[in-house]
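J.: Got a structure here, written out as structure tokens. Questions coming.
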Amino acid sequence: MTDTALSFDVLIVGAGHGGAQAAIALRQRGFEGTIALLGDEPELPYERPPLSKDYLAGEKPFERILIRPAAFWVERTITLLPGRTVVSVDPAAHVVTTDEGATIGYSNLIWATGGPPRRLTCAGHDLRGVHGVRTRADVDQMIAELPDVRHVIVIGGGYIGLEAAAVLTKLGKHVTVLEAAPRVLARVAGEALSHFYEAEHRAHGVDLRTGVTVVKIEGHDGAATGVRLADGSVVAGSMVVVGIGIVPAVAPLIEAGAAGGNGVTVDAFCRTSLPDVFAIGDCAAHPNPYADGATIRLESVQNANDQATVVARVLTGDPQPYDAVPWFWSNQYDLKLQTVGLSTGFDTAVLRGDVSTRRFSVVYLKRGKVIALDCVNMTRDYVQGRALVMASAVIDPALLADADVPLKEMLAAG
């Protein structure tokens, strides 16, 4: 039996957070048409962030990271189409073709594919023991190999790499983190936060190196044995975890004529330039009001869920433009980092609290206005700081630095 006869009022391609939330939001808003959720994995839709944390650590079984149990999708008559990949889109015929050659029709298409991990391109990138962290299968393979691994090399000092390093250290592995930039988290945070996390990882025994360039994955009998750096030195390790970003999975849309490049371009209602085709989540390049209106991609669960709701509103006759405050989180060791807003382009960073206590916040300003906060074990600042970001509040930096004054009082005073 093929999918040739299949057609849905809404076909959602991508069964991660964004795709699953789009289906859920449509039903919550009373949408009565047919919905299908197509994903390239054999699994039920599940949460991604725990993969590099609780799931890798063995603290949560897979069933506990499912977005919804199997019965949920049946009860809401949402058709799941697992283990398939869309390879082409015909926007005129309103049809997609899968990797099996089957065709599926749609009235509206929601593209929520995210993207696979960016791979290394150097020699040895395809050796056994070299891993990305995107799917359950990726992490299951790592878990299967770990009993025979003593030394792990993590390439990339972003959130995924640092979270994996923290978990692997907790599991008793010797971990080396290699970051090409002069500091970790360089693209998303200021120097104070970067240096704090570098010190924390080193205090936990991680060999963390910045400003280094990987030129080759060394191997023997098809398996990784280490990483060669540009200075000629070799870091030994039989497992290499690569966390250097993702590649937006949008080729079928671009080939069909959709505007885009680094992701597919959407408007404030998540519409692509193709008729009746929407895009949400990590792969959607959208105008963001918290980035001075610049077109950006946001790789976060919050963004995927919020954009899913935007599309659900459009398809149920209550369109409202995307206007959500970006927020993120990262758990490493006993540190809970919560971020609200986008610090890109900041010109002032105000430290609020004492770094040595491991409870502090960094407030980022641009042209005098609060644009973002990074809060380490400071949930109160995170919650109250959201209002400052939404208001583009202008607060005296000296007052912001006074941790004894609640942020909500500053907004009221302003």
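J.: What are the residues in region 264-317 that are among the polar types (S, T, N, Q), open to solvent by 30 Å² or more (accessible area, probe 1.4 Å) and at pLDDT 95 or above, if any? Step through it out loud before you land on a result.
T.: To start, the set of residues in region 264-317 that are among the polar types (S, T, N, Q) comprises 265, 272-273, 288, 295, 300, 302-303, 305, 307, 309, 316.
Among the residues that remain, those that are also open to solvent by 30 Å² or more (accessible area, probe 1.4 Å) are: 265, 273, 295, 305, 309, 316.
T265, S273, N305, T309, T316 - these are the residues of region 264-317 that are among the polar types (S, T, N, Q), open to solvent by 30 Å² or more (accessible area, probe 1.4 Å) and at pLDDT 95 or above.
J.: Could you tell me which numbered condition T344 fails, if it satisfies all but one of (1) at pLDDT 95 or above; (2) out of contact with any Phe, Trp or Tyr (no Cβ under 7 Å at 6 or more places or on another chain); (3) open to solvent by 50 Å² or more (accessible area, probe 1.4 Å)?
T.: Evaluating T344 over (1) at pLDDT 95 or above; (2) out of contact with any Phe, Trp or Tyr (no Cβ under 7 Å at 6 or more places or on another chain); (3) open to solvent by 50 Å² or more (accessible area, probe 1.4 Å) leaves (1) as the failure.
J.: OK, next. State which residue pairs qualify: first residue farther than 18 Å from Y159 by Cα and inside region 118-143, second residue of a type in the set (D, E, K, R) and loosely packed, with under 14 Cβ neighbours inside 10 Å in any location, beta carbons under 7 Å apart, and separation of 6 or more residues or different chains.
T.: Hits for this filter: H125/R119.
J.: Taking region 47-67 as the search range and keeping residues that are touching a residue at least 40 places away in the same chain (Cβ under 8 Å) and part of a loop (DSSP other than H, G, I, E, B), which one is surrounded by the fewest Cβ atoms within 10 Å (Cβ to Cβ)?
T.: Initially, region 47-67 is screened for residues touching a residue at least 40 places away in the same chain (Cβ under 8 Å), giving 47-49, 51-53, 55-58, 62, 67.
From what's left, part of a loop (DSSP other than H, G, I, E, B): 47-48, 53, 58, 67.
Details: E47: 17, R48: 20, K53: 18, G58: 11, I67: 19.
Selected residue: G58.
J.: Further, regarding this structure: Give the residues of region 278-296 that are of a type outside the set (V, I, T) and farther than 22 Å from R386 by Cβ, sorted by residue number. Talk me through it step by step, then tell me what you get.
T.: Taking region 278-296 first, the residues of a type outside the set (V, I, T) are 278-279, 281-294.
If the condition is that a residue be of a type outside the set (V, I, T) and farther than 22 Å from R386 by Cβ, then F278, A279, D282, C283, A284, A285 are the ones that fit.
J.: If only one of A93, A71 is in a loop (DSSP other than H, G, I, E, B), open to solvent by 30 Å² or more (accessible area, probe 1.4 Å) and under 30 Å from D276 (Cα atoms), which one is it?
T.: Numbers: A71 fails: in a loop (DSSP other than H, G, I, E, B).
On inspection, the qualifying residue turns out to be A93.
J.: Another question, then. Hey, can you tell me all the residues within region 224-245 that are buried (at least 19 other Cβ atoms within 10 Å of the Cβ), of a type outside the set (G, A, S) and farther than 15 Å from V212 by Cβ?
T.: Result: M239, V241.
J.: With the structure loaded, tell me whether D207 is over 22 Å from the mean Cα position of the chain (by Cα), open to solvent by 20 Å² or more (accessible area, probe 1.4 Å) and over 29 Å from I143 (Cα atoms) or whether it fails that test.
T.: Details: over 22 Å from the mean Cα position of the chain (by Cα): yes; open to solvent by 20 Å² or more (accessible area, probe 1.4 Å): yes; over 29 Å from I143 (Cα atoms): no.
So D207 fails the test.
J.: List every residue pair whose Cβ atoms sit under 8 Å apart, with the two residues 6 or more apart in sequence or on different chains, where the first one lies in region 175-192 and is assigned to a strand (DSSP E or B) and the second, anywhere, is of a type in the set (D, E).
T.: That search, which allows pairs on different chains as well, returns V175/D207; T176/D207; V177/D207.
J.: Evaluate the following for A102: is it within 30 Å of A57 (Cβ to Cβ) and either open to solvent by less than 60 Å² (accessible area, probe 1.4 Å) or under 19 Å from the mean Cα position of the chain (by Cα) (or both)?
T.: Working: within 30 Å of A57 (Cβ to Cβ): no; either open to solvent by less than 60 Å² (accessible area, probe 1.4 Å) or under 19 Å from the mean Cα position of the chain (by Cα) (or both): yes.
The answer is no for A102.
J.: So which pairs qualify, if the first residue must be in region 204-218 and farther than 12 Å from L120 by Cβ, the second must be of a type in the set (K, R) and surrounded by 16 or more Cβ atoms within 10 Å (Cβ to Cβ), the Cβ gap must be under 7 Å, and the two must be at least 6 apart or on different chains?
T.: From region 204-218, the pairs are T210/R183; E218/R228.
The values are calculated or read from the model by the stated rules, or taken from the named source; none is laboratory data. Everything numeric in this text was worked out from a predicted model, so none of it was measured. FYI the Cβ positions are ideal-geometry reconstructions off the backbone, even for glycines, and counts take in every protein chain you see. Keep in mind that these areas ignore ligands, DNA and RNA; they rest on the heavy atoms of the full protein, side chains included. Shrake-Rupley method; radii C 1.70, N 1.55, O 1.52, S 1.80 Å.
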